[in-house]
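Here is the structure we will look at.
The values are calculated or read from the model by the stated rules, or taken from the named source; none is laboratory data. For clarity, every value in this text was computed on a predicted model and none was experimentally measured. All Cβ positions, even for glycine, are placed from backbone atoms using ideal geometry, and neighbour counts span all protein chains on display. Only protein heavy atoms, including side chains, enter the accessible area calculation; ligands, DNA and RNA are left aside. Shrake-Rupley method; radii C 1.70, N 1.55, O 1.52, S 1.80 Å.
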Amino acid sequence: MFTNRIIDLSRAQADVTVLSKPSDNFINGLAVGDIDGDGFNDLIFGRVAGGPTNIALLLGPFRSTTTFNLASTEPDIVIHSSFSGFDSFGYAIAVGDLNADGISDLVIGDPVGAGAVYVLKGSPALARGLSPSVAQPLLTILGAFVGSDFGLGDSLGRVLAVADVNADGIDDIVMGVPSSIRLGNGPGPPRPERHTSYLVLPR
């Protein structure tokens, strides 16, 4: 339990440390949840690894003062997006049980252009060493506006959260659109930058 405590990582060692390959970069997406239903939380993070972005999973349990060096140890699971070019798959990641099966599911944001949010079903079939070549979403949510006439797209999927908003026992998806600038021939009248939030209730 933390009570008015300060942890200075320049002087103290973290319980678990993950180091990227020299040629790779971690991106914003980061989450923790039991994706394979074994009772132990897993670590999920987005990364750029020599090509399009992907999602990497390290499956728990984790021992204290453990270091994962991805230059010498591969992630347990790697999930690739379906795009061959530039994308931002994994820019934001959230975890929750969206289909009430007792296993956490992955919610992944890809905010390029209009943006998109993908829901990938958690399952015991997600075993170590499994690397799906292309993720097969349980649900895909597309942004409303792709951008035109110097207007920026909705970038849906830049901000994500998962929680049971309506108290029905099933987690819901909250998505933020931090900036959408519509000028000229975009759908609807021209408008300045606006910030919008969307809520999706799984059914």
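Using a 1.4 angstrom probe on the protein heavy atoms only, could you order T53, T65, T196 from most to least accessible area?
In descending accessible area the options line up as T65, T196, T53.
To the nearest 10 square angstrom, how much accessible area does L30 have with a 1.4 angstrom probe?
Roughly 110 Å² of L30 is accessible to a 1.4 Å probe.
Subtract the Cα-Cα distance of T196 and A125 from 0.36 nm times their separation in residues, and report this length gain in nm to one decimal.
So the chain would gain 21.9 nm between T196 and A125.
Ranked highest first by the average count of other Cβ atoms within 10 Å around their residues, in what order do 108-119, 3-14, 160-171 fall?
The densest-packed peptide leads the list: 108-119, 160-171, 3-14.
Assuming 0.36 nm per residue, please report the length gained on full extension of the stretch A163 to L9 beyond their Cα-Cα distance.
Full-extension gain reported as 52.4 nm.
Could you list the residues of segment 13-45 with an amide nitrogen less than 15 Å from a label point located 7 Å from the Cα of N69 in the Cα-to-C-beta direction?
17-23
Leaving out ligands and nucleic acids, note down the accessible area per residue over segment 1-94 with a 1.4 angstrom probe, in whole Å².
59
Using a ≥ b ≥ c from the Cα gyration tensor of segment 1-106 (square roots of the eigenvalues), is it rounded, prolate or oblate, where a/c under 1.5 gives rounded and otherwise the larger of a/b and b/c decides, a/b for prolate?
Oblate shape, in that a/c is at least 1.5 and b/c is the bigger or equal ratio.
With all protein chains present, how much of the accessible area of segment 1-100 (probe radius 1.4 Å) comes from carbon and sulfur, to the nearest whole percent?
52
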